[in-house]
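K.L.:
Dumping the structure here so I can ask a few things about it.
The values are calculated or read from the model by the stated rules, or taken from the named source; none is laboratory data. A quick note: this is a predicted structure, and the numbers were derived from the prediction, not measured. No Cβ is skipped: glycine too gets one built from the backbone with ideal geometry, and neighbour counts run over all protein chains shown. Surface areas here come from the heavy atoms of the whole protein model, side chains and all, with no ligands, DNA or RNA. Shrake-Rupley method; radii C 1.70, N 1.55, O 1.52, S 1.80 Å.
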Amino acid sequence: MIAENLKQVEENICAACKRVGRNRDEVTLVAVSKTKPVEMIQEAMAEGMVTFGENRVQELMDKLEKIKEPLQWHLIGHLQRNKVKYIIGHVCLIHSVDSFRLAEQINQESEKKQIKTDILLEINIADEDSKFGLKKEHEMPVLKQLAVLPYLRVRGLMTVAPFVENAEENRKHFQNMKKLMVDINQKNINNVYMDILSMGMTGDYEVAIEEGATIVRVGTGIFGEREKKLQY
Ligand SMILES: *Cc1c(COP(=O)(O)O)cnc(C)c1O
């Protein structure tokens, strides 16, 4: 099942790229394995997948212990400051930074290990009360503050778009994310050049790719429905 799903997702990604004249290699597929057992991750690995996304620190650490092969782990879910110390050095990208205080903590823990950590700023692009992420208008001040933290690299923006029946409804949000990133880059803030746009999930990743996503995060489309419908 996972092999077939991966093949299907891959085909869809290729088709979306082709529709808008992008190269397939501009888009990274993150297989979101949250709530799914290690065996399923290994099945995906057998198909060549090396990039996985988890949203909870404890679950990520458990899986890291069981899987010895070097993989690219992405932390995609809300992150508490007291958990930061566990993941630094183990994840290649943190998608969900939404405050200066969290960024500061990541910087501090990265300094202890003498490494730089790549992060994305999470944007609440549709202004939903239920969602984590910075509102569009709060983005710039935070960005300016954390651009000077020496052990961070702000690589781009991430969003979780609204849950919609028809993916087309999210197109405008993806367009706004792209615009926001272009705007930020044009401001020439010291230390800030963004090239990663993490947007699009099972329901809408093709539209996201058409609008410029460089990372799509697909869970259900690869591993099947989750038991508990986690909001996040
Ligand atoms: C769960 C999750 C996904 C994947 O969702 P699917 O709809 O199953 O593809 C993507 N991004 C984040 C932040 C998630 O928490």
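K.L.:
Output the number of residues of region 90-131 satisfying the condition of being within 16 Å of the chain's Cα centre (by Cα), open to solvent by 30 Å² or more (accessible area, probe 1.4 Å) and hydrophobic (A, V, I, L, M, F, W, C).
P.N.:
Residues that pass the stated criteria total 1.
K.L.:
What residue, of F223, F163, F174, is closer than 16 Å to K131 by Cβ and touching a helix residue (DSSP H, G or I) at 6+ places or on another chain (Cβ under 8 Å)? Write out each step before concluding.
P.N.:
Values: F223 fails: closer than 16 Å to K131 by Cβ; F163 fails: touching a helix residue (DSSP H, G or I) at 6+ places or on another chain (Cβ under 8 Å).
Just a single option satisfies the conditions, and that option is F174.
K.L.:
Could you count how many residues in region 132-159 are more than 18 Å from the chain's Cα centre (by Cα) and either touching a residue at least 12 places away in the same chain (Cβ under 8 Å) or within 16 Å of the ligand (Cβ to nearest atom) (or both)? It would help to see each step written out before you state the result.
P.N.:
Just the residues of region 132-159 that are more than 18 Å from the chain's Cα centre (by Cα), to begin with: 137-138, 140-142, 144-151.
Subset that is either touching a residue at least 12 places away in the same chain (Cβ under 8 Å) or within 16 Å of the ligand (Cβ to nearest atom) (or both): 140, 142, 144-151.
Looking only at that region, the number is 10.
K.L.:
Within region 216-228, does at least one residue satisfy the condition of being open to solvent by 10 Å² or more (accessible area, probe 1.4 Å), within 16 Å of the ligand (Cβ to nearest atom) and among the aliphatic types (A, V, I, L, M)?
P.N.:
No, region 216-228 contains no residue that is open to solvent by 10 Å² or more (accessible area, probe 1.4 Å), within 16 Å of the ligand (Cβ to nearest atom) and among the aliphatic types (A, V, I, L, M).
K.L.:
Please determine whether any residue of region 181-197 is part of a loop (DSSP other than H, G, I, E, B), within 13 Å of the ligand (Cβ to nearest atom), touching a Lys or Arg at 6+ places or on another chain (Cβ under 9 Å) and not β-branched (V, I, T). Before you say what the answer is, go through the steps one by one.
P.N.:
The initial filter retains those residues of region 181-197 that are part of a loop (DSSP other than H, G, I, E, B), namely 187-195.
In the following step, the residues that additionally are within 13 Å of the ligand (Cβ to nearest atom) were identified as none.
Checked region 181-197: no residue is part of a loop (DSSP other than H, G, I, E, B), within 13 Å of the ligand (Cβ to nearest atom), touching a Lys or Arg at 6+ places or on another chain (Cβ under 9 Å) and not β-branched (V, I, T).
K.L.:
Now for a different question. Search region 16-35 for residues that are free of Cβ contacts under 8 Å to residues at least 12 places away in the same chain and pair each with any residue that is within 15 Å of the ligand (Cβ to nearest atom) when their beta-carbon atoms are under 7 Å apart and the residues are at least 6 apart or on different chains.
P.N.:
Once the first residue is free of Cβ contacts under 8 Å to residues at least 12 places away in the same chain and sits in region 16-35, its partners that are within 15 Å of the ligand (Cβ to nearest atom) give R24/I13.
K.L.:
Determine whether L79 is part of a helix (DSSP H, G or I) and either of a type in the set (A, V, I, L, M) or in contact (Cβ under 8 Å) with a residue 60 or more places away in the chain (or both).
P.N.:
Values: part of a helix (DSSP H, G or I): no; either of a type in the set (A, V, I, L, M) or in contact (Cβ under 8 Å) with a residue 60 or more places away in the chain (or both): yes.
Spelling it out, it is not the case that L79 is part of a helix (DSSP H, G or I) and either of a type in the set (A, V, I, L, M) or in contact (Cβ under 8 Å) with a residue 60 or more places away in the chain (or both).
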